[in-house]
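Following: one structure in structure tokens, then a few remarks.
The values are calculated or read from the model by the stated rules, or taken from the named source; none is laboratory data. None of these values were measured; they are calculated from a predicted model. Note that we place each Cβ from the backbone using ideal geometry, even for glycine, and neighbour counts take in every protein chain shown. For accessibility, only protein heavy atoms count, side chains too; no ligands or nucleic acids. Shrake-Rupley method; radii C 1.70, N 1.55, O 1.52, S 1.80 Å.
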Amino acid sequence: MSASVAKPAAGKAAGKGPAGAAAEASHIRVVLYSTDVEAIERACSEIKRRAQDNNLAVKGPVRIPTKTMRLTTRKSPCGEGTNTWDRFEMRTFKRVIDLNAPSELLKVLIVPVKGVDFDFWFTDRR
């Protein structure tokens with residue numbers, strides 16, 4: 001279930017997929033963060049589409065519970081007057097996508113989307 005890569009495998013053989021294709025493949029976990037749910041969904045669908053176009057194994061996107069940061073402040077700058085408050089909140093959305101791909105293909109798969117941050121974890125499959 002690994003991707004086929006044009007370069008021949010150098011080094012160890014993983015034993016999965018076409019000959020020489022899985023030797024360089026590693027498990028990549030992509031974590032996406034954003035305060036805009038439409039932007040993060042657009043980025044996830046683009047990553048998944050590009051991975052499927054390259055015949056890679058994809059799991060996700062897995063939706064992680066939303067974190068809500070709340071901030072309550074007084075409206076009055078001087079502290080005098082009626083006790084009135086402003087309540088602000090910022091929601092952070094998070095998605096996780098797991099890929100089995102060579103690390104060289106990561107540049108092809110990940111497309112920068114305005115307002116979306118990425119984290120990557122690499123693990124060798126043995």
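Among the residues of segment 85-126, those that are surrounded by 10 or more Cβ atoms within 10 Å (Cβ to Cβ), charged (D, E, K, R) and over 15 Å from ARG49 (Cα atoms) comprise ARG91, LYS94, ARG95, GLU104, ASP117, ASP119, ASP124, ARG125. Tell me yes or no: at least one residue of segment 74-96 is closer than 19 Å to ALA39 by Cα and either at pLDDT below 90 or among the acidic types (Asp, Glu) (or both). Looking for residues that are closer than 19 Å to ALA39 by Cα and either at pLDDT below 90 or among the acidic types (Asp, Glu) (or both), one finds at least one in segment 74-96, hence yes. The condition of being open to solvent by 70 Å² or more (accessible area, probe 1.4 Å) and among the hydroxyl-bearing types (Ser, Thr, Tyr) holds for THR82. Out of the residues in segment 68-79 that are part of a strand (DSSP E or B) and open to solvent by 60 Å² or more (accessible area, probe 1.4 Å), which is farthest from GLU46 (Cα to Cα)? Within segment 68-79, the match that is farthest from GLU46 (Cα to Cα) is ARG74.
Within segment 23-44, restricting attention to residues that are in a strand (DSSP E or B) and closer than 15 Å to THR68 by Cβ, the residue that is most open to solvent (accessible area, probe 1.4 Å) is TYR33.
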